[in-house]
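Everything below concerns the one structure shown next.
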Ligand code: SF4
């Protein structure tokens with residue numbers, strides 16, 4: 001797929017004191033791409049756009065390069081212990097994305113250049129939990145692979161975790177530019193998970209991300225490079241002939257692994273399965289930014305559920321949820337007998 005190129009870059013002056021900040025600046029200084037300066041990466045003003053849709057689109061084309069000052073990591077239960085703060089924001093345009101509600105009206109892409117300080121803090125967290133392993137998630141607020149060709153942050157992070165005893169790293173992606181990661185000494189300490197969905201879902205609601213065949217090829221490549229590999233199917237839409245659509249998707253994954261002579265029974269293949277859900281706030285924002293969307297957000301066939309943080313969301317009714325759980329367990333056990341379904345919600 002075509003890799004993301006920002007329309008404008010905005011630097012915090014202190015970012016240029018770090019090798020990564022300097023490298024990004026030097027790479028773009030003669031490209032003709034607009035470069036601005038800001039006092040704080042948290043205060044970005046003056047971007048073009050009048051309507052909510054225009055403001056959103058312009059922010060997605062903007063890359064902010066800054067220094068991460070808050071080095072208290074957020075927790076990231078249940079998939080990991082902590083969120084590793086490498087990037088906030090994503091150039092993808094997934095209609096349903098959770099970042100719609102968490103990043104405000106101007107969801108710019110922010111990359112943090114003080115990687116050594118972030119890694120030093122990660123070491124502190126590891127020391128607190130040792131000899132137990134500490135797990136860090138790299139995709140809580142972004143898809144870090146979408147910007148890897150500009151930042152190289154994943155390259156550094158995978159290398160760092162490859163050298164630690166007590167730390168494990170994981171991230172999830174809808175992108176495919178994995179070639180620069182294949183030869184790293186990851187030591188099996190990084191799990192790369194690919195977010196997959198049916199062709200229909202990707203074409204309609206996952207714009208500016210890699211296609212299904214590209215993601216499957218990338219998944220097979222990282223599995224062949226010895227990375228613990230995972231699959232996240234999310235959001236699962238229990239609409240239309242969903243059993244056929246998701247059955248075909250699992251068959252395709254099986255074929256891709258098979259083609260590379262990778263054993264589909266491999267024990268390290270994990271599956272995380274998340275059915276579609278939405279909050280009223282997300283529905284309002286999505287409808288404002290994508291007025292023509294046909295994303296299924298009809299309360300009929302859904303039930304209201306309070307989440308762990310006290311806010312409510314619409315999830316599918318009990319019967320389709322039970323059927324989905326049976327369907328995915330059955331198919332995954334048959335096609336990937338060594339793999340494991342970590343959860344389905
Ligand atoms: Fe959001 Fe992931 Fe899509 Fe990026 S790729 S817009 S993080 S869902």
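The residue pairs whose first member lies in the range 78-94 and is more than 22 Å from residue 122 (Cβ to Cβ) and in contact (Cβ under 8 Å) with a residue 60 or more places away in the chain, whose second member is assigned to a loop (DSSP other than H, G, I, E, B) and more than 10 Å from the ligand (Cβ to nearest atom), and whose beta carbons are closer than 7 Å, counting only pairs six or more residues apart or on different chains, are 91/4.
Evaluate the following for residue 117: is it within 27 Å of residue 127 (Cα to Cα) and assigned to a loop (DSSP other than H, G, I, E, B)?
No.
Among residues that are without any contact (Cβ under 8 Å) to a residue 60 or more places away in the chain, in contact with a helix residue (DSSP H, G or I) (Cβ under 8 Å, 6 or more places away or on another chain), more than 13 Å from the ligand (Cβ to nearest atom) and within 30 Å of residue 200 (Cβ to Cβ), residue 52 is not included.
Regarding the range 125-138, can at least one residue be identified that is closer than 20 Å to residue 196 by Cα and within 16 Å of the ligand (Cβ to nearest atom)?
From the range 125-138, those closer than 20 Å to residue 196 by Cα are 137-138; that's our starting set.
Applying the additional criterion that residues be within 16 Å of the ligand (Cβ to nearest atom) yields 137-138.
Scanning the range 125-138 turns up at least one residue that is closer than 20 Å to residue 196 by Cα and within 16 Å of the ligand (Cβ to nearest atom).
Is the range 113-121 home to any residue that is within 17 Å of residue 154 (Cα to Cα), within 15 Å of the ligand (Cβ to nearest atom) and over 13 Å from the mean Cα position of the chain (by Cα)? Explain how you work it out, then say what you get.
First pass over the range 113-121, keeping only residues within 17 Å of residue 154 (Cα to Cα): 113-121.
Narrowing the set further to residues that are within 15 Å of the ligand (Cβ to nearest atom) leaves none.
The answer is no, given that none of the residues of the range 113-121 is within 17 Å of residue 154 (Cα to Cα), within 15 Å of the ligand (Cβ to nearest atom) and over 13 Å from the mean Cα position of the chain (by Cα).
Considering the conditions (1) within 14 Å of the ligand (Cβ to nearest atom); (2) out of contact with any helix residue (DSSP H, G or I) (no Cβ under 8 Å at 6 or more places or on another chain); (3) over 19 Å from residue 209 (Cα atoms); (4) modelled with pLDDT under 95, residue 101 is excluded by exactly one of them, (2).
Kindly provide the set of residues from the range 148-180 that are assigned to a helix (DSSP H, G or I), more than 16 Å from the ligand (Cβ to nearest atom) and in contact (Cβ under 8 Å) with a residue 40 or more places away in the chain, ordered by number. Working first, answer last.
Step one: list which residues in the range 148-180 are assigned to a helix (DSSP H, G or I), which gives 148-151, 153-163, 179-180.
From the residues that got through so far, the ones that are more than 16 Å from the ligand (Cβ to nearest atom) too are 155-163, 179-180.
156, 157, 160, 179 - these are the residues of the range 148-180 that are assigned to a helix (DSSP H, G or I), more than 16 Å from the ligand (Cβ to nearest atom) and in contact (Cβ under 8 Å) with a residue 40 or more places away in the chain.
Can residue 201 be described as in contact with a strand residue (DSSP E or B) (Cβ under 6 Å, 6 or more places away or on another chain), within 15 Å of the ligand (Cβ to nearest atom) and at pLDDT 95 or above? For residue 201, the condition - in contact with a strand residue (DSSP E or B) (Cβ under 6 Å, 6 or more places away or on another chain), within 15 Å of the ligand (Cβ to nearest atom) and at pLDDT 95 or above - is not met.
The values are calculated or read from the model by the stated rules, or taken from the named source; none is laboratory data. The shown structure was predicted, so the numbers you read here are calculated from the model rather than taken from an experiment. Cβ coordinates were reconstructed from backbone atoms using ideal geometry, including for glycine residues, and neighbour counts include every protein chain displayed.
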